[in-house]
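The values are calculated or read from the model by the stated rules, or taken from the named source; none is laboratory data. These numbers were taken from a predicted model, which means no experiment stands behind them. No Cβ is skipped: glycine too gets one built from the backbone with ideal geometry, and neighbour counts run over all protein chains shown.
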Amino acid sequence: MDYQGVEFYRKAADRSNRWHEEHTREMKKCRFDTIAVHGVYSMQEALDFNQGSIIEPIYMSTAQAYRDSDEMEAALGYQIPTWCYSRIANPSLYYLEGVLALLEGYGADIDTSCVATSSGMAAIQTAIDPFLLPDEKNPEKPINFVAPTQVYGGTFQQFAVRKDQERNITWNKVIDPAIIEQWEDLIDENTRFLYGEMPSNPGQSFFDLKKVIDLAHQHGIPIILDNTVATPALLRPLTLGADIVIQSVSKTLSTSGFNIAGAVISRKNITSKVDNPEMKANFAMYAKTLPNRDNGPNLSPMNAVLALNDIRTLRTRIDMQSRSTLKVAMFLEKHKHVEQVDYLGLESHPLHKLASEYLWLVDAEHDEQYGKPVNRYGHLMSFRIKGGSKAARDVFDAFTRIYRATDLGRIKSVATIPAISTHSQQGEVGRKLADIPENLIRLCVGGEHPDDIINDLDRALSVLDGKKVQHSSPEYSAGGASSAALRKKN
């Protein structure tokens, strides 16, 4: 074999990088739907490398082979792009990361990057841990972060237990994030970042994002946003100046429910007090190639492509589900057995006006159906049953079309009681802080016709009038045992 030298591969990588940068610039000129469909996968790549496949292949391979020692040296030294080992990178992950970076940055002249993770919780850890390292000059100096109590239950546990209790990193809790002064009062010289979730799960908490972004940057710290419920189809925090966005890709983005995945998307040159120039220059790539390389939370190729295929129809799906959810919320708002409905799309919601400043269906003004900007508020809502916990459980148990599960964002409608499921571990005090009473039912409206979901809700609510509804068979076991086995056991 002729000796090529490391420089040969560097030059080849430079040419490849320039081509991919030009392709990305061209994709940025496309509309949201086109980006969602095509992402960063090009026709040239399909023809030259993937047997002409019009859909991104699943690269079910643990590692990449190299032509010679020079290419391996350049690759493993991060001098050229490489897949090297699928714990770190893989072509299938590249396709997912590319489309998410483009969608979260859509509509703004900013550079974004993404690292895909094995779950939404892994994405949260990936996003926050690099900021929570001790101060090298003063390792005993206490550090903290600021975030609302109205967050997903798993997030609450990661903050309250894994960070606050186990690592003595203080979570300064914002009780009402709509009040900007509550954020400001909790920031001090030891605060490493601000964190928010909007709309929050399940309570539909919301805040003035632009003001919180400005507040964070005034203090020289980043703001990290969980955009799982809204998705880039309704809200793109990076385009408003936020530093990092988190997606539980398992949820709204991956509507089929076939996979678990997460993602961290960042803009270039984030704000931070942490003295790490490489991290600040390109946070997502830094996380991918250094902390996540060593900690191993990155995504599998199969799950990456499953998520990718669901994302292709994101905008039209979010539009449909948002319209259906509003119709369902309006029905519940008037029902005699419902004491409160939490959905930002309702004009009666105290945060409706604020949410309407931020939640817009992307590209509605370019859509033949609308031709103007249109507000949409997502698929997630919650409602509270009159009569307390027992009444809420009776209604919940009477669903025959809506699935009882701790999932959200599905193409099928799904409901849960957060107090006994997603938020049970945070305890009664934690749930009170997050405004999650025992009579609250979280509902994620899917792709069914809204009339059928309303009929199921109406039928379930009728049990409070004494009407009987056929329940699921008690011989079915969610743990996996068959009905026959249960009968034999009994």
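Please verify whether L93 is over 14 Å from Y195 (Cβ atoms) and assigned to a helix (DSSP H, G or I), treating the condition exactly as stated. Yes: the conditions hold for L93.
Could you check, for segment 157-167, whether at least one of its residues is over 21 Å from G427 (Cβ atoms), out of contact with any strand residue (DSSP E or B) (no Cβ under 8 Å at 6 or more places or on another chain) and either polar (S, T, N, Q) or surrounded by fewer than 19 Cβ atoms within 10 Å (Cβ to Cβ) (or both)?
Within segment 157-167, not a single residue is over 21 Å from G427 (Cβ atoms), out of contact with any strand residue (DSSP E or B) (no Cβ under 8 Å at 6 or more places or on another chain) and either polar (S, T, N, Q) or surrounded by fewer than 19 Cβ atoms within 10 Å (Cβ to Cβ) (or both).
Within segment 250-268, the residues that satisfy the criterion of being under 9 Å from the mean Cα position of the chain (by Cα) and in a strand (DSSP E or B) are G262, A263, V264. For segment 23-47, a tally of residues being on the phi > 0 side of the Ramachandran plot and surrounded by fewer than 15 Cβ atoms within 10 Å (Cβ to Cβ) returns 0.
Scanning segment 215-242 for residues being out of contact with any strand residue (DSSP E or B) (no Cβ under 6 Å at 6 or more places or on another chain) and either of a type in the set (A, V, I, L, M, F, W, C) or over 15 Å from Y106 (Cα atoms) (or both) gives a total of 10. Out of all the residues in segment 274-289, is one or more assigned by TED's automatic domain parsing to the domain that holds F193 and on the phi > 0 side of the Ramachandran plot? Within segment 274-289, not a single residue is assigned by TED's automatic domain parsing to the domain that holds F193 and on the phi > 0 side of the Ramachandran plot. Taking segment 1-67 as the region of interest, the helices (runs of 4 or more DSSP H) fully inside it that hold 1 or more residues being over 30 Å from T239 (Cβ atoms) and touching a residue at least 24 places away in the same chain (Cβ under 8 Å) are 6-28.
Considering segment 399-456, the residues that are hydrophobic (A, V, I, L, M, F, W, C) and in contact with a Ser or Thr (Cβ under 6 Å, 6 or more places away or on another chain) include one that is surrounded by the most Cβ atoms within 10 Å (Cβ to Cβ), namely V445.
Can you find even one residue in segment 216-226 that is touching a helix residue (DSSP H, G or I) at 6+ places or on another chain (Cβ under 6 Å), of a type in the set (A, V, I, L, M) and more than 16 Å from V264 (Cβ to Cβ)? No - not one qualifying residue is present in segment 216-226.
Restricting attention to segment 40-58, the residues that are of a type in the set (A, V, I, L, M) and over 22 Å from S86 (Cα atoms) total 3. Only one of the numbered conditions (1) over 24 Å from K211 (Cβ atoms); (2) modelled with pLDDT of 95 or more; (3) assigned to a loop (DSSP other than H, G, I, E, B) is not met by A178, and that is (1).
Considering only segment 334-380, state which residues are out of contact with any Cys (no Cβ under 8 Å at 6 or more places or on another chain) and either assigned by TED's automatic domain parsing to the domain that holds N201 or assigned to a strand (DSSP E or B) (or both). If the condition is that a residue be out of contact with any Cys (no Cβ under 8 Å at 6 or more places or on another chain) and either assigned by TED's automatic domain parsing to the domain that holds N201 or assigned to a strand (DSSP E or B) (or both), then V338, E339, Q340, V341, D342, W360, N375 are the ones that fit.
Do you know which residues across segment 255-274 are buried (at least 24 other Cβ atoms within 10 Å of the Cβ) and closer than 23 Å to G409 by Cβ? Listed by number, the residues that qualify are A261, G262, A263, V264, I265, S266. Here H471 clears all of (1) part of a loop (DSSP other than H, G, I, E, B); (2) out of contact with any Phe, Trp or Tyr (no Cβ under 7 Å at 6 or more places or on another chain); (3) at pLDDT 95 or above except the condition numbered (3). Is it fair to say T126 is within 23 Å of V264 (Cα to Cα), of a type in the set (V, I, T) and without any contact (Cβ under 8 Å) to a residue 12 or more places away in the chain? The answer is no for T126.
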